[in-house]
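Heads up: the structure comes next, in structure tokens.
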Amino acid sequence: MERISKDNYYLDIAQTVLERATCLRRVYGAIIVKNDEIISTGYNGAPRGRKNCVDLGFCTREELCVPRGERYELCRSVHAEANAIISASRRDMVGGTIYLVGRDARTGELLSDATSCAMCRRQIINAGLERVVIRKTPTEYEVVPVSQWIEEDDSLPG
């Protein structure tokens, strides 16, 4: 039997974490790993004590026909990456890796275009994480050096 790569091992765990997500559009799971040790996990869902979209039965962004990647201030959820970062100590994260997996909440299909939004990218940069590994297919993934997001400063005009 051939063993799976460490990156796919951690992506499989992140994929299990997303089973807790409560978004009606896209569900995400994230885990932060450093020195081959899981530091924290996170999935997207409403802040503690607030109702989740799955509980309410609607998504505000969906009802307003907001395209993907826009108007995140209307979203009830805290993103998976943010929840993983909130649950960890910065000193434990510096130099680590965040693994991210997304699925379409309606179809269950893996998102081949999953990535972090601009706000989560800023949090990942400030957390001191070194790389982001994003699942594209059940066995394929993309490795993004966080330094690339720093250099491609998406907060500057065009």
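The values are calculated or read from the model by the stated rules, or taken from the named source; none is laboratory data. Because the structure is predicted, anything quoted here is derived from the model rather than measured. No Cβ is skipped: glycine too gets one built from the backbone with ideal geometry, and neighbour counts run over all protein chains shown. Heads up: the accessible areas ignore ligands, DNA and RNA and are worked out on the full protein's heavy atoms, side chains in. Shrake-Rupley method; radii C 1.70, N 1.55, O 1.52, S 1.80 Å.
So the values come out like this:
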{"read-out": "Extreme residue, positive dipole direction of the stretch 103-158, given options SER147, GLY108, THR137 (C-beta unit charges)", "value": "GLY108"}
{"read-out": "The chain: mean projected area of Cα convex hull, nm²", "value": "10.2 nm²"}
{"read-out": "5 angstrom amide H check on VAL78, placed H, neighbours 5+ away", "value": "GLY45, ALA46"}
{"read-out": "Relative contact order of the stretch 1-83, pairs being alpha-carbon contacts under 8 Å that are 6 or more residues apart, as %", "value": "28 percent"}
{"read-out": "Relative contact order computed over the chain (Cα-Cα under 8 Å; 6+ residues apart), in percent", "value": "23 percent"}
{"read-out": "Inter-label distance for GLU140 and LYS6, nm, one decimal - labels placed 7 Å from Cα along Cα-to-Cβ", "value": "2.4 nm"}
{"read-out": "Lys/Arg +1, Asp/Glu -1 at C-beta; the chain dipole; positive extreme among THR97, ASN83, ALA127", "value": "ASN83"}
{"read-out": "Surface per residue (accessible, 1.4 Å probe) for the stretch 1-109, Å²", "value": "58 Å²"}
{"read-out": "0 to 90° range, to nearest 10: angle between helix 118-127 axis and the chain longest Cα axis", "value": "40 degrees"}
{"read-out": "Angle between the chain longest axis and helix 6-17 axis [Cα atoms, degrees, rounded to 10]", "value": "30 degrees"}
{"read-out": "3J(HN,Hα) from dihedral phi, the stretch 101-109, Karplus parametrisation 6.51/-1.76/1.60, rounded to Hz, x for glycine, proline", "value": "10, x, 9, 6, 5, 7, 9, x, 5"}
{"read-out": "Per-residue [θ]222 nm for the chain (sum of -39500 (n - 2.57) over DSSP H runs n ≥ 4, rounded to 500)", "value": "-7500 deg cm²/dmol"}
{"read-out": "Sequence-distant residues sharing a close amide H with TYR141 (under 5 Å, placed H)", "value": "LYS136"}
{"read-out": "In Hz, Karplus ³J(HN,Hα) per residue of the stretch 131-148 (6.51, -1.76, 1.60; θ = phi - 60°; x = Gly, Pro)", "value": "8, 10, 10, 10, 5, 10, 9, x, 10, 9, 8, 10, 10, 10, x, 4, 4, 5"}
{"read-out": "Karplus-derived HN-Hα couplings along the stretch 62-71 (A = 6.51, B = -1.76, C = 1.60, θ = phi - 60°), whole Hz, x at Gly and Pro", "value": "5, 4, 8, 6, 6, x, 4, x, 10, 6"}
{"read-out": "Virtual paramagnetic centre 7 Å along Cα→Cβ of LEU74, amide N under 15 Å, in the stretch 103-143", "value": "none"}
{"read-out": "Protein accessible area in the stretch 74-135, 1.4 Å probe - carbon and sulfur %", "value": "46 percent"}
